[in-house]
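Have a look at the structure below before the remarks.
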Amino acid sequence: MRRFSSATRFAYQRLLEGRDRKELKREDSPLCTLFGLNTRYADGAIEKAQATLDSAKELGQDPRKAVFGGREVFEQLKRKHLSGKALLALKREWKERRQGFLYSRGDAAKKGNANLRLEPGDGALWLRVNLGNGAYVHALVQTSHPQLKALLQRAYASLPYNVTLQLKDGEVYAHFSWSEALPPPVHTKANGVLRLSRDMGKAKAALTLVSSLQGSPGSREGVTKGRNPSGAHPWRVLRVGLFLPLLGLEVPRDLSPLKPILNLAPLTQGSWKGWKVGSGPHPGGGPGCTNVHFY
């Protein structure tokens, strides 16, 4: 972990100089020879260094002033205001953050992960850690995480998974991650409603327009026989304000679904209240009123 953490900082400086990633991870590169890492560990160190560099640029920070281990802890150490156990605890945290880090990217061709591989056996889950030079150590994985079953499935199927080890308070914590394909969309035009709040906003604005052209209660202003005093054609008002937002481009023959929200009495020769049964068509419907299309 100490060698990998140092290699990550070394790779970060080389990336600032404009060095190529493929060049840095070669077997004869300083990243491998100076720190005793294989090419996969070296590539992982470059990946983490690149992520830190990209993050600094996205946040508008000077990449040359990045602090590995945490700027907050670094600034506290610079102040030299602590002593005794508090100072020792801060120094330990700084050392663990700066030197207690190890990462390996997953690879399906290498049974999930070449350097940090999960190996189920004897009723337990073990993590085989590659120490280099053909040496390995096995660590017992203890967790009750809800994704443990999914992790075990990937381990048995040799599917790739990324592993990050972090030293904290003298213990090693492992973080496993992997990529999955997105599920197919459920809410589509045929099987649901998209961006609903915006459509509701348009409908409310349209209904406000209808209300503004209807006139005050008890007055004859806005009565639609031909055109209203403001010059707005009533059916165009309905088209823009109600039919299009609620019913689409086609107005059906039967307007009864709109009865609870719209009083058609001022717009038709009859009214919903006076029409019950009979041979004639109800307001807005009947054989003489075919489906109306607006263009």
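The values are calculated or read from the model by the stated rules, or taken from the named source; none is laboratory data. Quick caveat, the model's predicted, so the values are computed rather than measured. In this analysis, Cβ positions are derived from the backbone assuming ideal geometry, glycine residues included, and neighbour counts consider all displayed protein chains.
Within region 93-109, being assigned to a helix (DSSP H, G or I), in contact (Cβ under 8 Å) with a residue 60 or more places away in the chain and charged (D, E, K, R) holds for Glu96, Arg98.
Does region 130-164 hold any residues that are over 16 Å from Trp178 (Cβ atoms) and either in a strand (DSSP E or B) or assigned by TED's automatic domain parsing to the domain that holds Phe35 (or both), and which are they? Answer for region 130-164, where residues must be over 16 Å from Trp178 (Cβ atoms) and either in a strand (DSSP E or B) or assigned by TED's automatic domain parsing to the domain that holds Phe35 (or both): Asn130, Leu131, Gly132, Ala135, Tyr136, Val137, His138, Ala139, Leu140. Every residue in region 1-31 that is touching a Phe, Trp or Tyr at 6+ places or on another chain (Cβ under 8 Å) and either surrounded by 19 or more Cβ atoms within 10 Å (Cβ to Cβ) or over 27 Å from Ala108 (Cβ atoms) (or both), please. Within region 1-31, Phe4, Ser5, Ser6, Ala7, Thr8, Arg9, Phe10, Tyr12, Pro30, Leu31 qualify.
Restricting attention to region 69-91, the residues that are part of a loop (DSSP other than H, G, I, E, B) and among the charged types (D, E, K, R) total 1. Each residue in region 151-161 was checked for being over 15 Å from Trp126 (Cα atoms) and within 25 Å of the chain's Cα centre (by Cα), and 2 pass. All of Gly84, Gly106, Gly170 fail the test of being in contact with a helix residue (DSSP H, G or I) (Cβ under 9 Å, 6 or more places away or on another chain), farther than 23 Å from Ala66 by Cα and exposed (fewer than 11 other Cβ atoms within 10 Å of the Cβ), apart from Gly170. Of everything in region 32-71 that is within 16 Å of Arg19 (Cβ to Cβ) and β-branched (Val, Ile, Thr), the residue that is surrounded by the most Cβ atoms within 10 Å (Cβ to Cβ) is Ile46. With respect to Gly44, determine if the residue is touching a residue at least 24 places away in the same chain (Cβ under 8 Å), in the same structural domain as Thr8 (by TED's automatic domain parsing) and either not in a helix (DSSP H, G or I) or not hydroxyl-bearing (Ser, Thr, Tyr) (or both). Answer is yes for this residue.
For region 49-68, does any single residue satisfy the condition of being on the phi > 0 side of the Ramachandran plot and either part of a helix (DSSP H, G or I) or hydrophobic (A, V, I, L, M, F, W, C) (or both)? There is no residue in region 49-68 that is on the phi > 0 side of the Ramachandran plot and either part of a helix (DSSP H, G or I) or hydrophobic (A, V, I, L, M, F, W, C) (or both).
Contact annotation: residue pairs with Cβ atoms under 6 Å, 6 or more positions apart or on different chains, pairing a residue in region 15-27 that is more than 25 Å from Asp62 (Cβ to Cβ) with a partner that is surrounded by 14 or more Cβ atoms within 10 Å (Cβ to Cβ), are Lys25/Thr39; Lys25/Ala42; Lys25/Asp43; Lys25/Ile46; Glu27/Thr39.
Residues that are in contact with a helix residue (DSSP H, G or I) (Cβ under 6 Å, 6 or more places away or on another chain) and either assigned by TED's automatic domain parsing to the domain that holds Tyr41 or within 28 Å of Glu17 (Cα to Cα) (or both) are absent from region 110-129 altogether. In region 87-103, which residues are over 19 Å from Thr52 (Cα atoms) and surrounded by fewer than 16 Cβ atoms within 10 Å (Cβ to Cβ)? Across region 87-103, the qualifying residues are Leu87, Leu88, Ala89, Leu90, Lys91, Arg92.
Against the test of being touching a Leu at 6+ places or on another chain (Cβ under 6 Å) and either touching a residue at least 24 places away in the same chain (Cβ under 8 Å) or among the polar types (S, T, N, Q) (or both), the options Ala114, Ala139 yield a single qualifying residue, Ala139. Pairs linking a residue in region 117-131 that is farther than 17 Å from Gln153 by Cβ to a residue that is among the acidic types (Asp, Glu), with Cβ atoms under 7 Å and 6 or more positions apart or on different chains, are Arg128/Glu119.
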